[in-house]
Amino acid sequence: MTYTCEQCGQEHEDWPALVFKAPDPYLALSEEDREKAELTKEICCIEEEDGTNQWYIRGVLTQYVYDACQYLDYGVWVSLSEASIKDYYEHYEDKTYKTTYFGWLVTNLPNYPANTTFGLPTNVEVDNSKGIPTILPHKKGDSIFIEEFYDGISTAEALLRIEAIINK
Ligand SMILES: [Zn+2]
């Protein structure tokens, strides 16, 4: 799909959001354990062996692209505490609800070295008037991902990432 850009007035091609369908801990489960877990497009719950539940939600991580008029959106998963997920459920229907949770990123982004994005601390910004939460990685630690997230990537790099995921 192309559209006329409000910023530069030119035609641009829409970039697809790069959405991961499940959190990595779910993908790591056996077929049998997956049946016991719960997975929707936005929420996942896995029961641990000790009977506790691990909760995950999907949010949008927006990668800034420094030489384009648009951003690259990822659909990634974060883990939430029991208290946060309870709060999330309680306010799910409230379209005016805004809050911030702490979450651990539980998606390995394919274009970074293995296990360098999994487990990073993030803020999960909830604004129910806009849709699913926004994921903001904490600006600390030295990781190429954090650096690129805040400094931006090039259009060429964004297109490579889109191709890599679409052709997977
Ligand atoms: Zn433009």
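The values are calculated or read from the model by the stated rules, or taken from the named source; none is laboratory data. Just so it is clear, the structure is predicted and the values come from calculations on it, not from any experiment. Glycine gets a Cβ as well: all are built from the backbone with ideal geometry, and neighbour counts include every protein chain shown.
Just checking, does the stretch 101-111 include any residue being aliphatic (A, V, I, L, M), touching a Pro at 6+ places or on another chain (Cβ under 8 Å) and either in contact (Cβ under 8 Å) with a residue 40 or more places away in the chain or more than 16 Å from the ligand (Cβ to nearest atom) (or both)?
yes
Return the residue satisfying two criteria in turn: it lies in the stretch 79-104 and is touching a Ser or Thr at 6+ places or on another chain (Cβ under 6 Å) and under 17 Å from residue 60 (Cα atoms), and of such residues it is surrounded by the fewest Cβ atoms within 10 Å (Cβ to Cβ). Give the derivation first.
Our first condition is that a residue be touching a Ser or Thr at 6+ places or on another chain (Cβ under 6 Å); within the stretch 79-104, this holds for 95, 101, 103-104.
Imposing the further condition that a residue be under 17 Å from residue 60 (Cα atoms) reduces the set to 101, 103-104.
Numbers: 101: 20, 103: 25, 104: 16.
The extreme case among them is 104.
Would you mind stating whether residue 7 is within 16 Å of the ligand (Cβ to nearest atom), exposed (fewer than 12 other Cβ atoms within 10 Å of the Cβ), under 25 Å from residue 150 (Cβ atoms) and modelled with pLDDT under 95?
Working: within 16 Å of the ligand (Cβ to nearest atom): yes; exposed (fewer than 12 other Cβ atoms within 10 Å of the Cβ): yes; under 25 Å from residue 150 (Cβ atoms): yes; modelled with pLDDT under 95: yes.
Judged against the criteria, residue 7 is a match.
From the list 83, 114, exactly one residue is among the aliphatic types (A, V, I, L, M), over 30 Å from residue 12 (Cβ atoms) and assigned to a helix (DSSP H, G or I). Which is it? Step through it out loud before you land on a result.
Working: 114 fails: assigned to a helix (DSSP H, G or I).
Just one listed residue meets the conditions, 83.
I want to confirm something. Restricting to the stretch 10-60 and keeping residues that are within 16 Å of the ligand (Cβ to nearest atom) and surrounded by 14 or more Cβ atoms within 10 Å (Cβ to Cβ), which single residue is modelled with the lowest pLDDT? Walk me through how you get there before you give the answer.
Of all residues in the stretch 10-60, those within 16 Å of the ligand (Cβ to nearest atom) come to 10-15.
Pick out the ones that are also surrounded by 14 or more Cβ atoms within 10 Å (Cβ to Cβ) and you get 12, 15.
Values: 12: 88, 15: 92.
Among those that are within 16 Å of the ligand (Cβ to nearest atom) and surrounded by 14 or more Cβ atoms within 10 Å (Cβ to Cβ), it is 12.
Among the candidates 116, 122, 107, single out the residue that is of a type in the set (Ser, Thr, Tyr) and surrounded by fewer than 16 Cβ atoms within 10 Å (Cβ to Cβ). Give the derivation first.
Numbers: 122 fails: surrounded by fewer than 16 Cβ atoms within 10 Å (Cβ to Cβ); 107 fails: surrounded by fewer than 16 Cβ atoms within 10 Å (Cβ to Cβ).
The conditions single out 116.
Go through (1) β-branched (Val, Ile, Thr); (2) away from the ligand (no atom under 16 Å from the Cβ); (3) in contact (Cβ under 8 Å) with a residue 40 or more places away in the chain and name the single condition residue 65 misses.
Against the list (1) β-branched (Val, Ile, Thr); (2) away from the ligand (no atom under 16 Å from the Cβ); (3) in contact (Cβ under 8 Å) with a residue 40 or more places away in the chain, residue 65 comes up short only on (2).
If you scan the stretch 48-66, which residues turn out to be at negative phi and either in contact with a helix residue (DSSP H, G or I) (Cβ under 6 Å, 6 or more places away or on another chain) or assigned to a loop (DSSP other than H, G, I, E, B) (or both)?
Within the stretch 48-66, the subset at negative phi is 48-50, 52-66.
Matches in the stretch 48-66: 48, 49, 50, 52, 55, 64, 65, 66.
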